[in-house]
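Accompanying notes for the structure given below.
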């Protein structure tokens, strides 16, 4: 029986995929059919109308000023069709919560990828009206895009401004302060050189590398399913471990007071000295075992 990853990349092998993954390059497959039948036979994937009739939660509509989730409103399934007809893209968050099949796929795919148990793994659905799309941006997460209907053009470019971003960014908007702190150069104002154009039709699957610039344009009304993984970094694992460790100490849990700055600095120095003595005894395997249990 095929693994979930193999079903999404057929006829390619997992080795082919991981070669692209490790090089941070897009990976595209066309003509998927029988291997994704379990997904395409879900009744709410038949049309936008069917999806709206089945959707129990709010829907995010992307406003035309930015064409991105950075400028959006929440709406109901009842009103979403009107916004879509006015050329606003729709985002259906956590689609896995309405389908055991989607829950199974997103869980198995996370396992196939070897991502941490602390990963925020979810399914998103995008409805894009004809002659509309998304503004150039990059994401901090890992995305598999399965085109269910319609034709959608993608442009993907390498990100020379920042490697391994931990927040998303939309071109032309203010940069997050933390993102700015580790960016190697200013963010571009137009899509960088080295664009890879990709056209997705029903049955196409695109892996979008983490941090890559990308923008889209739908030639016709289009519906797509994303498997999205916001996985913890080594930074996140260490931060979780150190917080868990220090939370056991009443001294570290003490309120930080600065009415006497010199005393505050001395107190903090003492705590840091204790930590410096403790950390050499930490072992990576112990942390991993704790987070992945």
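The values are calculated or read from the model by the stated rules, or taken from the named source; none is laboratory data. Please read all numbers here as calculations on a predicted model, not as lab measurements. Note: ideal-geometry Cβ built from the backbone for every residue, glycine included; neighbour counts use all protein chains shown.
Restricting to region 224-250, and then to whatever is part of a helix (DSSP H, G or I) and touching a helix residue (DSSP H, G or I) at 6+ places or on another chain (Cβ under 6 Å), can you tell me which residue is farthest from residue 138 (Cα to Cα)?
241
When the residues of region 48-69 are filtered to those that are crowded, with 17+ Cβ neighbours inside 10 Å and in a loop (DSSP other than H, G, I, E, B), which remaining residue is modelled with the highest pLDDT?
55
Show me the strands (runs of 3 or more DSSP E) found entirely inside region 130-205 where at least 2 residues are touching a helix residue (DSSP H, G or I) at 6+ places or on another chain (Cβ under 8 Å) and under 30 Å from residue 49 (Cβ atoms).
Those strands (runs of 3 or more DSSP E) span 142-149.
Of all residues in region 1-25, how many are touching a strand residue (DSSP E or B) at 6+ places or on another chain (Cβ under 6 Å) and either on the phi > 0 side of the Ramachandran plot or buried (at least 18 other Cβ atoms within 10 Å of the Cβ) (or both)?
Of the residues in that region, 3 qualify.
Here are the criteria: (1) outside any helix (DSSP H, G or I); (2) modelled with pLDDT of 95 or more; (3) under 20 Å from the mean Cα position of the chain (by Cα). Tell me which single one residue 97 does not satisfy.
(1)
Just wondering, is there one or more residues in region 126-138 that are surrounded by 18 or more Cβ atoms within 10 Å (Cβ to Cβ), assigned by TED's automatic domain parsing to the domain that holds residue 88, in contact (Cβ under 8 Å) with a residue 40 or more places away in the chain and closer than 20 Å to residue 23 by Cα?
Looking through region 126-138, at least one residue is surrounded by 18 or more Cβ atoms within 10 Å (Cβ to Cβ), assigned by TED's automatic domain parsing to the domain that holds residue 88, in contact (Cβ under 8 Å) with a residue 40 or more places away in the chain and closer than 20 Å to residue 23 by Cα.
Only one residue in 258, 268 is in contact with a helix residue (DSSP H, G or I) (Cβ under 7 Å, 6 or more places away or on another chain) and more than 21 Å from residue 240 (Cβ to Cβ), so which one is that?
None of the others qualify; the one that does is 258.
I want to confirm something. Restricting to region 209-223 and keeping residues that are over 20 Å from the mean Cα position of the chain (by Cα) and part of a loop (DSSP other than H, G, I, E, B), which single residue is surrounded by the most Cβ atoms within 10 Å (Cβ to Cβ)?
221
Here's the yes/no breakdown for (1) loosely packed, with under 11 Cβ neighbours inside 10 Å; (2) closer than 30 Å to residue 198 by Cβ; (3) in contact (Cβ under 8 Å) with a residue 40 or more places away in the chain:
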position	(1), (2), (3)
243	yes, no, no
249	no, no, no
283	yes, no, no
288	no, no, yes
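Kindly evaluate residue 109 against the criterion of being outside any helix (DSSP H, G or I), touching a residue at least 60 places away in the same chain (Cβ under 8 Å) and under 27 Å from residue 43 (Cβ atoms).
no
Consider only pairs whose beta carbons are under 9 Å apart and that are at least six residues apart or on different chains; among these, list those whose first residue lies in region 255-271 and is surrounded by fewer than 11 Cβ atoms within 10 Å (Cβ to Cβ) and whose second residue is in a helix (DSSP H, G or I).
Matching pairs, first to second residue: 256/264; 256/267; 256/268; 257/263; 257/264; 257/267; 258/264.
Go through the residues of region 175-184 one by one and say whether even a single one is farther than 25 Å from residue 10 by Cα and touching a residue at least 24 places away in the same chain (Cβ under 8 Å).
yes
Of the residues that make up region 74-90, is at least one buried (at least 19 other Cβ atoms within 10 Å of the Cβ), under 18 Å from the mean Cα position of the chain (by Cα) and under 28 Å from residue 44 (Cβ atoms)?
Taking every residue of region 74-90 in turn, at least one turns out to be buried (at least 19 other Cβ atoms within 10 Å of the Cβ), under 18 Å from the mean Cα position of the chain (by Cα) and under 28 Å from residue 44 (Cβ atoms).
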